[in-house]
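Everything on this sheet refers to the single structure shown next.
The values are calculated or read from the model by the stated rules, or taken from the named source; none is laboratory data. A quick note: this is a predicted structure, and the numbers were derived from the prediction, not measured. Positions of Cβ are backbone-derived with ideal geometry, glycine not excepted, and every protein chain shown enters the neighbour counts.
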Amino acid sequence: MQPTRERVSAPVLLVCAGLGLVAGALAKAADESGLRWAADLGSYPAVWVLAVALLGRPAPTVRAAATRAAVFFAAMSLAYYGWAALVLGFGWNRLLVAWLLLSATAVPAVSAAAQWATRRPGPRPGALLAGTAGIVLAGGAVLGDAGAHPVQAVADVAVAGVLAAVLPRHGRTRLWALVLLVPATWLAGRGLDVLAALLG
């Protein structure tokens, strides 16, 4: 039975890689479009956290969720920085290494958490989903400068709502995720500050 599962997962991973390549190219195109709202959508974490959670939720196992997200995000990072270097002539950016490290660590962890938490009731799953939504709010425009980035602020709130209130399969999990959203956002903000310091 296990070999069958492995054979079936290979096409899924190829699809994840393909989606990542397309997403990375689109994100770089948005950056260069001159449209602030489009650049924001590609630069702020909301769309990427949502993508990683959506990859994780239907995965049959936590390991499958982590693998799918890691492949997607690594391909996205390569496409983004590869397009900048090879097509736009910007040269290779050292931040690619940092994003590939995130693809192997934090990104699969978020996807695995989404896979596990959306299927279970109670405070622990709710806390995990609140933390995921907190990353979106703490790293987005809502707590920054919503007036200057109104489209992104709306996207941040919408994505946080999906993560906390739509993806969970149990009402108790939704309730806990919403109750814990404010403290989770504060904690996520502190974590993102540390990450920014490391990347800076």
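Computed values, structure above
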quantity	calculated
Those residues of the range 43-66 which are charged (D, E, K, R) and part of a loop (DSSP other than H, G, I, E, B), in sequence order	Arg57
Helices (runs of 4 or more DSSP H) within the range 69-140 that include 3 or more residues surrounded by fewer than 17 Cβ atoms within 10 Å (Cβ to Cβ) and at pLDDT below 95	95-104
The range 14-33 - residue that is of a type outside the set (Val, Ile, Thr) and more than 19 Å from Ala85 (Cα to Cα) and, of those, surrounded by the most Cβ atoms within 10 Å (Cβ to Cβ)	Cys16
Yes/no for His149 being more than 13 Å from the chain's Cα centre (by Cα) and modelled with pLDDT under 95	yes
Unique match (being within 24 Å of His149 (Cβ to Cβ), charged (D, E, K, R) and touching a residue at least 40 places away in the same chain (Cβ under 8 Å)) among Arg57, Arg63, Arg68, Arg36	Arg36
